[in-house]
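Reading through the structure tokens given below for one structure.
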Amino acid sequence: MPSELTQSVRTAIDSFVSLKTSDDHGEIAIDVLRAIRAEADLLMERQTIFDAFDSDALNFFDGDIQLINQVERLKKILNVISCSRCATKDGFSKIETVVEISKDGKTNGVEESIRLTFNFFREKFHKDNETKCKEDIDNCAPTRNISKSLERKQNSPTHITYDIDYSKDHGENKRLLTVEVYAKNNYPSVEKAVPMDDVDMTEGDESDEEGNKMEEGEKMYPQEAMSVSSNQEDMAPRDRYAAYVDSEALQDFLISSGLDFNAENSLFFFMTFPFYEHEWDIFGFLLDCLFGADGEEGCDEFEDMTDSAEEDDL
């Protein structure tokens, strides 16, 4: 027996389809239903964004009314333009999403809208054929759930990337941030992950595992470095990670969108969007690379965007 909610939805859809297929509109029923399904999926993705900010799992707001009001403003002008989620049982996963922020009274230098593009990609790491993974994932069917038990049996090296780009008025995409992870298995390592720069992988006089001299600047095969720890006595395999934020692009986004965030709040804002797999601690890797682990100094070039924005306005 359908629930009352289901019955109400069916009635509303039937009425809408009947209206649009009438002589006054002349639409085809299957086209109307297809449009309803597509828009319902996008509205659901938008709702997951709203729910993520409302639940504030990352403690982004921390009771700050100014931050809350800024996000509430964005909710009124934010829409999901496209979203594709795809995963397979043998370790492939991708999430590709485009979010649009429409122009309002607080945006700057925007004619129509700003778009954020989120790209998460997880694949088995193939030394000999790195492109095969993307070919496989492009052909898979969308799904939201994968079998964790079957996937973990593979125990294959894994490569993960997460990028966020932005554009104004359908212009060129600019990279805001990127996070890259090389894992020994297809699940996070038990031991704490370490930054890639803990091991020098760009020495020009090094030789590869077959004895061939590497060209200057050539990177070692990342899988070989994944098992190397900063403590040579620690033989447990550790994941390795790297992250980068373009401070100039981030400042431009904040000014254009009319957001008054400092550097740290900006990262909390972006990582609240639910378009990556949280079990890989991508946000933690990002914070460690940029602000330093255990309270140490992070990236010297990553400045406070709020101060820069205020100076530009003077």
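Calculate the FRET efficiency for residue 248 and residue 111 from the Cβ-Cβ distance with a Förster distance of 22 Å, rounded to the nearest 0.05.
In this case the efficiency is close to 0.55.
Between residue 169 and residue 96, what length in nm is gained on full extension when 0.36 nm per residue of separation is reduced by their alpha carbon distance?
24.3 nm
Which length gain, in nm to one decimal place, applies between residue 69 and residue 9 when the Cα-Cα distance is subtracted from 0.36 nm times their residue separation?
Working it through step by step, the gained length comes to 18.4 nm.
Only the coordinates and a few stated rules stand behind these numbers; no lab work does. Quantities reported herein were computed from a predicted structural model and do not represent experimental measurements. In this analysis, Cβ positions are derived from the backbone assuming ideal geometry, glycine residues included, and neighbour counts consider all displayed protein chains.
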